[in-house]
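These notes are about the structure you will find just below.
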Amino acid sequence: MACVEIEERILEDWGTLKDRLGVELEEIYNYLDQIELKEEGFVNPDEENLIQAVLFCSWLDPTVLLEFFRPAYPYFAYIKERLVSRTRFLSFLCLSRSNTIAEAYRKLTPDGFQLLGFDSKPTYELLREFVNERLGAYRFSEFLDALISQIREMLFHEGIELGKRDGQDASDEPSLKHDPEAKYSGYYKEYGYKFDVVHDLDQETLPLYYVPMEITEDEGADLVPAQEHLRSLEMEPAEWKVDGKYATYENIAKSEVEGTHLVYKVQRGWVYNPKGDTNEIMRLYQKCWKEENFKVDADMDYMLRSLLDHGESEAVGAYFRNVQMKRAEHEAKEIAEECGERSGKTEGFIGVAKKETILGRRLPRRGAKTFTWVLGIAMMTFAFAALIRLQNGVFDHLGNLTYIT
């Protein structure tokens with residue numbers, strides 16, 4: 001048989017395969033490449049190994065996360081095994097940077113679904129229900145907690161403490177025009193929404209906590225709840241870096257008394273507050289002499305905690321802020337370096353989130369629920385990347401998304 005005839009037969013057979021599968025030949029080649037990589041074992045994405053999101057997500061072991069869905073399924077024991085592939089689809093929704101579930105669904109071929117663990121191509125409705133109803137946008141933050149808890153535990157076994165050094169900041173997200181739920185901010189000069197986020201300063205691109213807000217809300221009020229949330233996840237924040245809007249007397253007092261050192265720049269216009277003077281602290285404490293827990297020989301730490309419990313947050317906060325102001329007079333360079341880490345890493349993380357996830361794109365629909373959905377998907381994107389790496393023996397650059405395509 002002539003070479004030309006052989007080539008024609010090959011092309012004919014490929015054409016038949018293409019018609020039966022309903023996909024282009026290029027997709028068939030890509031899938032064969034993915035199968036080959038899958039058989040070779042985990043490959044960490046880098047500049048020499050650009051990894052498709054579907055393949056990267058196929059390396060996720062979701063079994064450690066399945067208990068999260070028990071309340072959503074009365075027949076959990078029956079359906080538990082099927083949730084493995086659906087959770088991998090959730091990770092693909094995030095890591096493929098799809099704006100909607102429908103977009104992620106269209107990106108996957110039948111073979112791509114099989115890589116994620118499905119026996120056959122599921123219906124769109126099944127996946128929509130799983131993401132938007134069984135999980136739901138307002139529980140994305142709780143699912144992030146489940147992801148972070150697994151990450152924290154795996155890092156702990158490697159001698160790495162997650163959440164010990166943290167940065168916190170807020171950023172805006174413009175809304176679509178004529179969004180009745182969006183408000184106008186004179187600071188950002190736009191209609192939209194806002195989010196507050198905490199990330200690990202050592203892992204950098206790993207969010208530990210987030211909350212959606214109205215664009216005019218005071219993010220400073222979220223500092224203490226954020227710290228308490230990390231402690232509820234068995235993390236012990238020792239250092240917390242913020243900008244000036246978080247450094248209120250109450251926030252400083254509650255952070256320092258609980259053992260979390262708040263790092264911030266001394267703001268222009270701040271003056272020494274005599275309520276925080278050592279002698280004033282002692283005088284205020286003496287006024288509590290009738291209290292049952294009053295100690296005659298109490299040290300400064302005990303007095304500060306006691307005064308905070310009695311509502312003297314300004315005095316306690318002023319005590320710590322006065323110390324920071326005095327230090328700034330002699331150690332301005334050191335403080336600038338300490339605060340510079342927050343500027344570089346925390347603002348940098350938000351920049352990465354807006355560049356590498358769907359967060360920086362035009363919102364697909366109007367309304368606060370849509371913003372909450374987009375924000376949750378963006379934050380889970382980093383956590384899924386980190387968990388997949390950890391499960392496959394990689395312990396650095398956990399949240400890096402650059403080489404996942």
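Note on region 101-115: among residues that are under 23 Å from the mean Cα position of the chain (by Cα) and crowded, with 18+ Cβ neighbours inside 10 Å, the one that is farthest from residue 134 (Cα to Cα) is 104. A count restricted to region 94-139 and to residues that are part of a helix (DSSP H, G or I) and either over 20 Å from residue 76 (Cβ atoms) or not hydrophobic (A, V, I, L, M, F, W, C) (or both) stands at 25. The listed residues are 267, 227, and the only one of them that is crowded, with 19+ Cβ neighbours inside 10 Å and either modelled with pLDDT of 95 or more or in the same structural domain as residue 345 (by TED's automatic domain parsing) (or both) turns out to be 227. Got at least one residue in region 266-281 being in contact (Cβ under 8 Å) with a residue 12 or more places away in the chain, in contact with a helix residue (DSSP H, G or I) (Cβ under 7 Å, 6 or more places away or on another chain) and within 30 Å of residue 174 (Cβ to Cβ)? Checking region 266-281: at least one residue is in contact (Cβ under 8 Å) with a residue 12 or more places away in the chain, in contact with a helix residue (DSSP H, G or I) (Cβ under 7 Å, 6 or more places away or on another chain) and within 30 Å of residue 174 (Cβ to Cβ).
Here residue 198 clears all of (1) aliphatic (A, V, I, L, M); (2) closer than 28 Å to residue 182 by Cα; (3) in contact (Cβ under 8 Å) with a residue 40 or more places away in the chain except the condition numbered (3). Just give me the residues in region 352-376 being within 18 Å of residue 170 (Cα to Cα), in contact (Cβ under 8 Å) with a residue 60 or more places away in the chain and not aliphatic (A, V, I, L, M), in sequence order. Within region 352-376, 354, 356, 357, 361, 371, 372, 373, 376 meet the criteria. The listed residues are 120, 149, and the only one of them that is surrounded by fewer than 18 Cβ atoms within 10 Å (Cβ to Cβ), of a type in the set (Gly, Ala, Ser), over 22 Å from residue 363 (Cα atoms) and without any contact (Cβ under 8 Å) to a residue 60 or more places away in the chain turns out to be 120. Which residue out of 43, 54, 84 is in contact with a helix residue (DSSP H, G or I) (Cβ under 8 Å, 6 or more places away or on another chain), assigned to a loop (DSSP other than H, G, I, E, B) and at pLDDT 65 or above? From the options 43, 54, 84, the qualifying one is 43.
The values are calculated or read from the model by the stated rules, or taken from the named source; none is laboratory data. Keep in mind that this is a model prediction, so the values were computed, not measured. Methodologically, a virtual Cβ is constructed for each residue, glycine included, from the backbone with ideal geometry; neighbour enumeration extends over all protein chains shown.
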